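Note sheet for the following structure.
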Amino acid sequence: MELPEQQRDAQLTVKFFRGEIADARGNTIDTYQQYADIWLEHDHKYIQLLFPIDTGTRFNRHAPLANEFTVAAFAADPALKAGHLKSLDRLLAYYGMRREDSQVFAAGEIIPKNCPWLKWHDHNQLRLTRIMRSIWLLTDRALAYAIRDFILHHARHYESGEVRAITLSHWANFDQNETMEH
């Protein structure tokens, strides 16, 4: 008997996070977690795989969605959460941050050279919204809020004002069920 589509999608996400299957391009979760910074910047498909959320995207129509079955699987399996956090730690390092449990800190000086999300209209700003939403849905709500508080604080206090008000609003409200595009 065939599973309903949402359950099948959740199973594929779980298998990907466990390293049991590759994505459509032949990459495993380990491949993405070991990406060099240049690939994190220029590849636009991995972010939806590593950080599934509950809304679709026009950028990757094959991206998995975090549905009720995915959420339940992550809640029941600490290894899935650990894989999710490993992906988060890799992206935080790229973004000039580091994590200790459910807290987020600067990994160095908070400037655009070290923190690409501080650049004007940067796609990494959209990625951060997705990351927070995914962590909030699947892994650790306190950590998602810690990321939000960290980036909002630094974006608001960075002297050049490179982050637009609309982005600040998306970050502040990432936990609301609104359409997200990245």
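Here's the picture: charge each Lys and Arg Cβ at +1 and each Asp and Glu Cβ at -1 in the chain, and of Pro52, Phe16, Tyr95 the one pushed furthest to the positive end of that dipole is Tyr95. Structure remark: mean-square fluctuation, Gaussian network model of the chain, C-alpha springs under 10 Å; the largest value among Pro52, Pro64, Pro78 belongs to Pro78. Listed by chain and number, the lysines placed with their C-alpha closer than 29 angstrom to that of Lys15 are Lys45, Lys81, Lys86; residues fewer than eight positions away on the same chain are left out.
For Met97, the residues 5 or more places off, or on other chains, whose built amide H falls under 5 Å of its own are Ala107.
Using R0 = 35 Å, the C-beta based FRET efficiency linking Arg141 and Ala107 works out to 0.95. Of all the options Asp140, Asp77, Asp149, the one that moves most in a Gaussian network model of the chain with Cα springs shorter than 10 angstrom is Asp77. For the peptides 127-138, 91-102, residues were scored by their other Cβ atoms within 10 Å and the scores averaged per peptide; the highest-first order is 127-138, 91-102.
Ranked by the mean number of other Cβ atoms within 10 Å of their residues, highest first, the peptides 36-46, 66-76 fall in the order 66-76, 36-46. Amide H to amide H, with H built 1.01 Å from N, Ile53 comes under 5 Å of Ala66, counting only residues 5 or more places away or on other chains.
Within the set [x] 27, 16, 16; [y] 31, 20, 16; [z] 43, 18, 13, the number that semi-axes √(5λ) of the Cα gyration tensor in Å takes when calculated for this structure is listed as [x]. Shown in residue order for region 123-140 are the 3J(HN,Hα) couplings computed by the Karplus curve 6.51 cos²θ - 1.76 cosθ + 1.60 at θ = phi - 60°: 5, 5, 5, 5, 4, 4, 4, 5, 4, 4, 4, 5, 4, 5, 6, 10, 10, 7 Hz (x for Gly and Pro). Less than 5 angstrom separates the built amide H of Ile21 from those of Phe16, all sequence-distant by 5 or more or on a different chain. Of the residues Asp122, Asp89, the one with the fewest other Cβ atoms within 10 Å heads the list, and the complete ranking is Asp89, Asp122.
No lab work stands behind these numbers, since they all come straight from the coordinates. These numbers come from a predicted model, not from an experiment. In this analysis, Cβ positions are derived from the backbone assuming ideal geometry, glycine residues included, and neighbour counts consider all displayed protein chains.
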